[in-house]
Amino acid sequence: MTLIPNIVIPVASLAVGFFIAFGIFQKVTANKRKTLLDKALAEAELLKKERILQAKEKFQELKAEHERNVTTRSQKVVQDEQRIKQQEQRLQQQQQQLHQKTEETARKAAEVTAIRANLDTQLTVVQQREEELSKARNQHIEKLETIAGMTAEEAKSVLVENMKAEAQTQAMSYINEVVDEAKMTATKESRRIVIQTLQRVASEACVENAVTVFHIENDEIKGRIIGREGRNIRALEAATGVEIVVDDTPETISISCFDPVRREIARLAMHQLITDGRIHPARIEEVVEKVQKQVEEETIETGKRTTIDLGVHGLHPELMRMIGSMRYRSSYGQNLLQHSREVANLCSIMAAELGLNAKLAKRAGLLHDIGKVSIEDPELPHALLGMQLAEKYKEKPDICNAIGAHHEEIEMTSTLSPIVQICDAISGARPGVRREIVDSYIKRIKGLENLALSFPGVIKTFAIQAGRELRVIVSSEKISDSDTEKISAEIAKKIQDEMTYPGQVRITVIRETRAVSVAK
């Protein structure tokens, strides 16, 4: 019995403590809720005020924008009203002017009617007087026929014959005077045009030579160029077709060849080899092949630059390439590209003086010697070959005729043809421009190479030593070692029979066998 009271008392204490704690918790919770509610009400009030302020700002912006639109529209309406008023004023002025012109036209029409009536009256009087004069003239003629003893027709025939003879005499005298004066004027005018054309074009005389001097930093490079037992210099000469002269001249190597393209390729290849430092036969052949492509690209670029400088547009790419290759050609010692540029400028100026198309004249002058750089049908004269090339690449008929007729090998049918002919003669006839010896020498050297190239199995031919030595490279697959002597003798015999040359020509036939493999 004592145990139960002992248990009931702690449970009652716990219950009382729980109710007390629950009351405290409700009180704390009620305070927190009130605090959160007050805080939420405050935040809501702040948010309300911010929204009201934003709404007011937005209203002010919309109001300002509306006022600006209203102002802009008001200004536009005012401008439109002013413009309409101006148009109304112009229309009123035009109506007044039209009214005045109408009145003036009516007045002039009345005056014309009066003048026409007056003229009709005068015409009637003139007709009456003409009839009277005709009667008087007939009476006078009858009296003259009675006095002279011949009719009016007979007298007229005699008078006409006498007048005709006198007129013929005077006409012949006048024609002779006019012809003499025209000849003097034409001669004087042509001299003026030619002199003025020459004064407006200034070009330097450029005579090609057959030797290029290559400068080096020190003489040690000469030994590397020559190579062991001369293999490097032989490979370089065989690849480029030039003669390389390495002598005691300090810091200088001479490159000799009649063809300026070969000399330029050899010069550039030697420069790249020395810069790179690797000089051996395989490297030499690789560099020479690379330089040949580079020279071809420079040739195309030179053609493009020339046409741009002269203002000649729309040329076919092949024609531009040929123009660029003129840089490495010469005509009687005169650089062909420089000569063509000079002729183009002369043609343009002369055509402008004569009132002709200066652009077409410049185009014809630039292309007049294009046949000299073509490899097609070398048997034709260069003028006719150039005309065929121009026709092939769709040039105008006037330009084609000017190219083909500038050496009078065909009839001139264009006004540009005599201009191109005259300007070509002017460019070539200036003192110091051309040398006949150089051109004939180059023709002889090229003929020597072409003769050897005509033999079967021959791949390349190079004339060196000013034409005293001919190096012939043959295919190792088609020509054997025993055949090289036979070919050498045949070429020598053909040169003796068909060509004229000073001294002796040494023929060297080269046959090489190469085996090339690639490791992958």
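The values are calculated or read from the model by the stated rules, or taken from the named source; none is laboratory data. For clarity, every value in this text was computed on a predicted model and none was experimentally measured. All Cβ positions, even for glycine, are placed from backbone atoms using ideal geometry, and neighbour counts span all protein chains on display.
How many of the residues making up the stretch 484-503 are over 17 Å from Val458 (Cβ atoms) and either surrounded by fewer than 10 Cβ atoms within 10 Å (Cβ to Cβ) or of a type in the set (Asp, Glu) (or both)?
Qualifying residue count for the region: 4.
Report, by residue number, each residue of the stretch 389-413 that is surrounded by fewer than 19 Cβ atoms within 10 Å (Cβ to Cβ), over 21 Å from the mean Cα position of the chain (by Cα) and free of Cβ contacts under 8 Å to residues at least 24 places away in the same chain.
Within the stretch 389-413, Glu408, Glu411, Met412, Thr413 qualify.
A quick yes/no check of all residues on (1) exposed (fewer than 10 other Cβ atoms within 10 Å of the Cβ); (2) part of a helix (DSSP H, G or I); (3) at pLDDT below 90:
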| residue | (1), (2), (3) |
| --- | --- |
| Asn6 | yes, yes, yes |
| Gly17 | no, yes, yes |
| Gly23 | no, yes, yes |
| Val28 | no, yes, yes |
| Lys34 | no, yes, yes |
| Lys39 | no, yes, yes |
| Lys48 | no, yes, yes |
| Phe59 | no, yes, no |
| Val77 | no, yes, no |
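Looking at the stretch 264-277, is at least one residue within 29 Å of Gly324 (Cα to Cα), among the basic types (Lys, Arg) and surrounded by 16 or more Cβ atoms within 10 Å (Cβ to Cβ)?
Checked against the condition, which is being within 29 Å of Gly324 (Cα to Cα), among the basic types (Lys, Arg) and surrounded by 16 or more Cβ atoms within 10 Å (Cβ to Cβ), the stretch 264-277 yields at least one hit.
Consider only pairs whose beta carbons are under 7 Å apart and that are at least six residues apart or on different chains; among these, list those whose first residue lies in the stretch 504-520 and is basic (Lys, Arg) and modelled with pLDDT of 75 or more and whose second residue is in a loop (DSSP other than H, G, I, E, B) and surrounded by 10 or more Cβ atoms within 10 Å (Cβ to Cβ).
Arg506/Arg468; Arg511/Ser476; Arg511/Ile479
For the stretch 221-232, check the following and say yes or no: at least one residue is in a loop (DSSP other than H, G, I, E, B), surrounded by 12 or more Cβ atoms within 10 Å (Cβ to Cβ), under 48 Å from the mean Cα position of the chain (by Cα) and at pLDDT 65 or above.
yes
Given the criteria in contact with a helix residue (DSSP H, G or I) (Cβ under 6 Å, 6 or more places away or on another chain) and either surrounded by 10 or more Cβ atoms within 10 Å (Cβ to Cβ) or not in a helix (DSSP H, G or I) (or both), does Ile141 qualify?
On the way: in contact with a helix residue (DSSP H, G or I) (Cβ under 6 Å, 6 or more places away or on another chain): yes; either surrounded by 10 or more Cβ atoms within 10 Å (Cβ to Cβ) or not in a helix (DSSP H, G or I) (or both): yes.
Spelling it out, Ile141 is indeed in contact with a helix residue (DSSP H, G or I) (Cβ under 6 Å, 6 or more places away or on another chain) and either surrounded by 10 or more Cβ atoms within 10 Å (Cβ to Cβ) or not in a helix (DSSP H, G or I) (or both).
Where in the stretch 454-520 are there strands (runs of 3 or more DSSP E), lying wholly inside it, with at least 2 residues that are charged (D, E, K, R)? Steps first, answer last, please.
Details: elements: 458-464, 469-474, 506-511.
So the answer is 469-474, 506-511.
Scan the stretch 454-476 and give yes if some residue there is under 47 Å from the mean Cα position of the chain (by Cα), surrounded by 10 or more Cβ atoms within 10 Å (Cβ to Cβ), aromatic (Phe, Trp, Tyr) and at pLDDT 80 or above, otherwise no.
There is at least one residue in the stretch 454-476 that is under 47 Å from the mean Cα position of the chain (by Cα), surrounded by 10 or more Cβ atoms within 10 Å (Cβ to Cβ), aromatic (Phe, Trp, Tyr) and at pLDDT 80 or above.
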